[in-house]
């Protein structure tokens, strides 16, 4: 069986991808930065390789003899002071992984990009032929995801690119699970006025493995899911947790003013605010994603939002990030 390398293997998507790749019988290596990362990777049946995206020598060692690289590592920072480090990771790191992959003669580079490569500046439904506007954005994450994807497309390596939307599912410690925990604790300050497309992390991992197993290369796929307003998402979270939630969304203008105020305070405290201007922009946007290409070619499917949230909440309880469910009254 072929040997493959996964970057970002201890992250939310990376862990699911490791499981899917190990299940195929492939020999899986995973980049790891710490003993804790080594243990997490080994527990999933992969071989940890010590190194990070800044270490060109470690990347050359990790890619030697590898048939495919699955590059999922990324910095999702949305606060201005973290922009420089984010650029080093998302753009510089991708460039170094690509350089190592070319030197090793890797046959396929599988890259996890994002709908953010298109940018919030695009208001139409996203399809693979919609022009990307990430380079024009004031948001560093959008600029870096666009730039990294361009590096992959222009690398000369056979590539497969995936552009997920909002990712939900078991294993989420830092993304939408934070919102779920705020609802559970009764500390949700308000509901943003935008909407999203909620993708199942497990389906994203399966789609990547299916694409790698097929002969087509130099392709890209958008991976969306059920479309819902953030108000509807939070209402469903509240229903499943048995917690009260706001009945109305905040106006976009008020949300942005609130975020700017918190950002000004954060510059004095040097601590990231609970809501950044970037996050306010993202959650005021109405994201619409057409996943029909992935559905047709890769068997990708969306998971209905109630079931996806139920699985996520169950995992959060199992992992101790939410308290155990109270027994129902007789």
For P(r) over Cα pairs in 20 Å bins from 0, in percent, calculated from these coordinates, the label among (1) 35, 61, 4; (2) 31, 60, 10, 0; (3) 30, 54, 15, 1 | (2)
If one builds a Gaussian network model of the chain from Cα atoms under 10 Å apart, the most fluctuating residue listed among 308, 182, 126 is 182
Restricting to the chain, compute how many DSSP beta bridges are antiparallel as a %, nearest 5.
-> 10 percent
Checking 34, 291, 195 against a Gaussian network model of the chain (alpha-carbon springs below 10 Å), the top fluctuating residue turns out to be 34
Relative contact order as a percentage, the chain, C-alpha pairs under 8 Å and 6+ apart, gives 17 percent
What FRET efficiency do you get for residue 269 and residue 50 if R0 is 45 Å and r is their Cβ-Cβ distance, rounded to the nearest 0.05?
-> 0.80
Hey, for a label at residue 247 modelled as a point 7 Å past Cα toward Cβ, could you say which residues of the stretch 179-203 have their backbone N under 16 Å away?
-> 191
With -39,500 (n - 2.57) per DSSP H segment of 4 or more residues and division by the full residue count of the chain, the 222 nm estimate, nearest 500 deg cm²/dmol, is -13000 deg cm²/dmol
Virtual spin-label span in nm between residue 217 and residue 261, 7 Å along Cα→Cβ = 5.5 nm
Extension gain (nm, one decimal) between residue 129 and residue 24, 0.36 nm per residue minus Cα-Cα | 34.7 nm
Between residue 60 and residue 187, the two model label points (7 Å from Cα along the beta-carbon direction) sit apart by a distance in nm of 4.7 nm
Does anything in the stretch 203-226 have its amide N under 20 Å from the 7 Å Cα→Cβ label point of residue 295, and if so which residues?
-> 203-211, 220-226
GNM on the chain, C-alpha springs below 10 Å: top fluctuator among 67, 36, 205?
-> 36
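A short reminder: the numbers here are calculations on the coordinates, not readings from a lab. Computed from a predicted structure; not experimentally measured. So basically every Cβ, Gly included, is an ideal-geometry build from the backbone, and we count neighbours across all protein chains shown.
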